[in-house]
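S.K.: Encoded as structure tokens, here's the structure I'll be asking about.
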Amino acid sequence: MQRGAGGAAGTGLDDPSGPAMVDPTVILGLLIAALEMQRHTSLTLLHLMRGVPGSWTHPRRRLPGEIRPRGRVSRPAVPPLIGEHTSSAPTSADRPPVIRSVGAAPRLHVRCFGRFEVLRAGVPIEHWRRGKAKLLLKHLIARRQPVPRDVLIDLLWPEADPQIAVNGLRVALHALRQALGEGERESRSGGEYIVFESGNYSVNPLAGLWVDADEFDEHFATGLRLERRGQVAAARCHYEQAEAVYRDDYLLEDLYEDWTLVRREELKDQYLMVLTKLADGCLREGDAEGCIVRCHKILQKDACREDAYRRLMRCYAQLGQRSQALHWFGLCTRTLRQELDVAPSEQTMDLYQKITTGQRCDSALGDGRGRVDRREPGYRTVREV
């Protein structure tokens, strides 16, 4: 048999009538499906063996005079099989709104603030085997609710052939489980980090997974609840913990992705509220330095927060640094003019007058509002000044 031009003998690569090429993703997907079926079968046998009396231990010889108890001996409940059609995670009706670690210290820590990072036993995971595996985990954590399989496929493979996309999801899921170390974990606890139930994929909230964004949510909500009850000191502790968790804005690597926008802005607003409450608390307690630190953080996220400029002016005036206080007034004026085309409000101007004339200006807190409100009596455009 002679070779065709540029082709190999007998392969059909240059013969239209020869066998069609099969996409490698499909082959890999089918192989992984077979491995997953074998894994679930092994787990099923393992659970069945655990449920059979005496399957793991030899019967103990009865001692002289010992009376063997009658009736069934109660055994600990065997965890259900975690597979494609069953799940140890709660159903969607009673699923908690956030992912929280239950019981022992979590082995996996997920950092969504700033650069996305997953740490297993304190060591960052660097090798994800497949690029889509990391993105798949991001989607499941960001949504915090079960995601239909078709939605994940559309998100990860919007232009791919349906069969190739389904196999691609299977491959990515297998790679993700391998990267998270699920294989060794399942043999000990019978639980999975990623579960499939009723056509939806989700992160198992009972699998021992810590997520910094959910930790921030928890401290923020607890702080608000305690503050409403008048427990200011306890609320402040939770606000400080929320401040410490927030390293940077949410999923900065996906800054221009639509699916991260709402969650990022929600967390940023909550973070600014935390900083505002801590800054006001510092003012009440006479902690000018603590208030200055929080105001700087506020302005890093929103340079038009006029109330933050007023707090800085007041703090530096209290510290006897009047020139620095006036410097922040000048910066406030320029920023509002350039960004919003407005002049400082009457409240800011009154504070400026008190500082220039040497009057005390530590009696009132900042108003806690964000950008200039157009309904405010002191609102003026630059052209009106």
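S.K.: Would you check if Arg294 is touching a Lys or Arg at 6+ places or on another chain (Cβ under 9 Å) and of a type in the set (Lys, Arg)?
M.R.: Working: touching a Lys or Arg at 6+ places or on another chain (Cβ under 9 Å): yes; of a type in the set (Lys, Arg): yes.
Judged against the criteria, Arg294 is a match.
S.K.: Quick check, is Val293 closer than 21 Å to Asp214 by Cα and without any contact (Cβ under 8 Å) to a residue 12 or more places away in the chain?
M.R.: Details: closer than 21 Å to Asp214 by Cα: no; without any contact (Cβ under 8 Å) to a residue 12 or more places away in the chain: yes.
The answer is no for Val293.
S.K.: Hey, could you check segment 161-174 for residues that are in contact (Cβ under 8 Å) with a residue 40 or more places away in the chain and either closer than 11 Å to Ile194 by Cβ or charged (D, E, K, R) (or both) and say which is surrounded by the most Cβ atoms within 10 Å (Cβ to Cβ)?
M.R.: Restricting attention to segment 161-174, the residues satisfying the condition of being in contact (Cβ under 8 Å) with a residue 40 or more places away in the chain are 163-164, 166-168, 170-174.
Next, from what is left, pick out any that are either closer than 11 Å to Ile194 by Cβ or charged (D, E, K, R) (or both): 170, 172-174.
Numbers: Arg170: 18, Ala172: 25, Leu173: 21, His174: 22.
Within segment 161-174, the match that is surrounded by the most Cβ atoms within 10 Å (Cβ to Cβ) is Ala172.
S.K.: Could you run through segment 233-287 and say how many residues are within 16 Å of Leu299 (Cβ to Cβ), in contact (Cβ under 8 Å) with a residue 60 or more places away in the chain and touching a Phe, Trp or Tyr at 6+ places or on another chain (Cβ under 8 Å)?
M.R.: 3
S.K.: Say whether the condition of being of a type in the set (D, E, K, R), outside any helix (DSSP H, G or I) and buried (at least 21 other Cβ atoms within 10 Å of the Cβ) is met by at least one residue in segment 291-314.
M.R.: Narrowing segment 291-314 to residues of a type in the set (D, E, K, R): 294, 297, 301-302, 305-307, 310-311, 314.
Within this subset, residues satisfying the condition of being outside any helix (DSSP H, G or I) are 302, 305.
Pick out the ones that are also buried (at least 21 other Cβ atoms within 10 Å of the Cβ) and you get 305.
Within segment 291-314 (the criterion being of a type in the set (D, E, K, R), outside any helix (DSSP H, G or I) and buried (at least 21 other Cβ atoms within 10 Å of the Cβ)), the answer is yes, since at least one residue qualifies.
S.K.: Within segment 324-347, count every residue that is exposed (fewer than 14 other Cβ atoms within 10 Å of the Cβ) and without any contact (Cβ under 8 Å) to a residue 40 or more places away in the chain. Before the answer, list the steps.
M.R.: Going through segment 324-347, the residues exposed (fewer than 14 other Cβ atoms within 10 Å of the Cβ) turn out to be 330, 334, 338-339, 341, 346.
When the remaining residues are screened for being without any contact (Cβ under 8 Å) to a residue 40 or more places away in the chain, the result is 330, 334, 338-339, 346.
Summing the residues that are exposed (fewer than 14 other Cβ atoms within 10 Å of the Cβ) and without any contact (Cβ under 8 Å) to a residue 40 or more places away in the chain in segment 324-347 gives 5.
S.K.: Being hydrophobic (A, V, I, L, M, F, W, C) and in contact with a helix residue (DSSP H, G or I) (Cβ under 8 Å, 6 or more places away or on another chain) is the requirement here; does Val151 meet it? Let's see the steps before the verdict.
M.R.: Working: hydrophobic (A, V, I, L, M, F, W, C): yes; in contact with a helix residue (DSSP H, G or I) (Cβ under 8 Å, 6 or more places away or on another chain): no.
Spelling it out, it is not the case that Val151 is hydrophobic (A, V, I, L, M, F, W, C) and in contact with a helix residue (DSSP H, G or I) (Cβ under 8 Å, 6 or more places away or on another chain).
S.K.: Among all residue pairs at least 6 apart or on different chains, which show Cβ distances below 8 Å where the first residue, located in segment 125-153, is at negative phi and touching a residue at least 60 places away in the same chain (Cβ under 8 Å) and the second is surrounded by fewer than 15 Cβ atoms within 10 Å (Cβ to Cβ) and among the basic types (Lys, Arg)?
M.R.: Matching pairs, first to second residue: none at all.
S.K.: Among the strands (runs of 3 or more DSSP E) lying completely within segment 137-241, list those that include at least 3 residues that are within 20 Å of Arg107 (Cα to Cα).
M.R.: 209-211
S.K.: Consider Tyr250 carefully, then state whether it is within 13 Å of Arg115 (Cα to Cα) and surrounded by 15 or more Cβ atoms within 10 Å (Cβ to Cβ).
M.R.: Numbers: within 13 Å of Arg115 (Cα to Cα): yes; surrounded by 15 or more Cβ atoms within 10 Å (Cβ to Cβ): yes.
Yes; evaluated as a whole, the condition is true for this residue.
Each value in this text was obtained by applying a stated rule to the coordinates, not by laboratory testing. Note that the structure is predicted; figures quoted are calculated from it, not measured. FYI the Cβ positions are ideal-geometry reconstructions off the backbone, even for glycines, and counts take in every protein chain you see.
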